[in-house]
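S.K.: A single structure is presented below for examination.
The values are calculated or read from the model by the stated rules, or taken from the named source; none is laboratory data. Remember, it's a predicted structure, so these values are computed and weren't measured experimentally. Glycine gets a Cβ as well: all are built from the backbone with ideal geometry, and neighbour counts include every protein chain shown. Protein only, heavy atoms only, side chains kept; ligands, DNA and RNA dropped before computing areas. Shrake-Rupley method; radii C 1.70, N 1.55, O 1.52, S 1.80 Å.
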Amino acid sequence: MTHDPNCIFCKIVQGAIPSRKVHEDDEILAFHDINPWGPVHFLLIPKVHIASMAQLDEGHAGLMGRLMTLIPRLALQEGCRPYPQGGFRVVVNTGDDGLQEVQHLHVHVIGGPRPWKKG
Ligand code: AMP
Ligand code: ZN
């Protein structure tokens, strides 16, 4: 299925729930996390509903390659300091053991001067 009607991030993709957008293209949306761990905290998601990283296969290589390679530019744009003194953390929680709360694949990007609330 392309969208899950019960999925909060699908609702954000469709505009039914508002978000503070960082980037949008045909297949990827990035928006600020509502409960940021640090000065910069945004999420990148595929617009198509994929429950988690556990569902990925080789067919997703192009999509996920494009998603991951957006991160350096968006991180600087949103206020992460340059590498190596700055940088950022990239986190993909997956499944119950991975402490995943929202069941739509998302990549956290967290950065900015420490201390952070978490992480
Ligand atoms: P995870 O534990 O990796 O599933 O993280 C889910 C993340 O989604 C958390 O950091 C939440 O703060 C964030 N989140 C949940 N609802 C929203 C929302 N409506 N807009 C932005 N971020 C959200
Ligand atoms: Zn979804």
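S.K.: On a 0 to 90 degree scale, rounded to 10, what angle separates helix 61-77 from the longest Cα axis of the chain?
M.R.: 30
S.K.: Let me ask something else. Percent of accessible area on the stretch 8-111 owned by carbon and sulfur, 1.4 Å probe?
M.R.: Details: 3030 of 5670 Å².
Carbon with sulfur: 54 percent of the solvent-accessible area.
S.K.: I need the GluC sites (Glu not before Pro) found in the stretch 1-103, filtered to DSSP loop residues with at most 16 other beta carbons within 10 Å of theirs. Present the calculation step by step, with values, prior to reporting the outcome.
M.R.: Working: sites: Glu24, Glu27, Glu58, Glu78, Glu101; in loops: Glu27, Glu78, Glu101.
For GluC sites (Glu not before Pro) across the stretch 1-103 that sit outside H, G, I, E and B with at most 16 neighbouring Cβ atoms in 10 Å, the list reads Glu27, Glu101.
S.K.: Continuing with this model, one more query. At a probe radius of 1.4 Å, what is the per-residue accessible area of Arg114, in Å² to the nearest 10?
M.R.: 140
S.K.: For the stretch 8-111, what class follows from the C-alpha gyration tensor (a ≥ b ≥ c being the square roots of its eigenvalues): rounded when a/c is under 1.5, otherwise prolate if a/b is larger than b/c, else oblate?
M.R.: Values: a/c = 1.41, a/b = 1.31, b/c = 1.07.
It is rounded, given that a/c, with a ≥ b ≥ c, falls under 1.5.
S.K.: Excluding same-chain residues fewer than 8 positions from Lys11, which aspartates and glutamates have a Cα within less than 18 Å of its Cα?
M.R.: Glu24, Asp25, Asp26, Glu27, Asp33, Glu101
S.K.: Find the cysteines in the chain that fail to meet the 4.7 Å Cβ criterion with every other cysteine, and list them.
M.R.: Unpaired cysteines in the chain: Cys80.
S.K.: Counting pairs of alpha carbon atoms under 8 Å apart in space and at least six apart in sequence, what relative contact order in percent does the stretch 8-111 give? Mind showing how you got there, number by number?
M.R.: On the way: 151 pairs, mean separation 33.1, N = 104.
For the stretch 8-111, the relative contact order is 32 percent.
S.K.: Okay, next question. Would you give the gap between the C-alpha center of the stretch 1-62 and the C-alpha center of the stretch 64-78, rounded to a whole Å?
M.R.: Spelled out, the Cα-based centre of one part sits 14 Å from the other.
S.K.: Over the stretch 35-119, with the other protein chains present, what is the accessible area per residue in square angstrom, probe 1.4 angstrom?
M.R.: Values: 4770 Å² over 85 residues.
Solvent-accessible surface per residue comes out at 56 Å².
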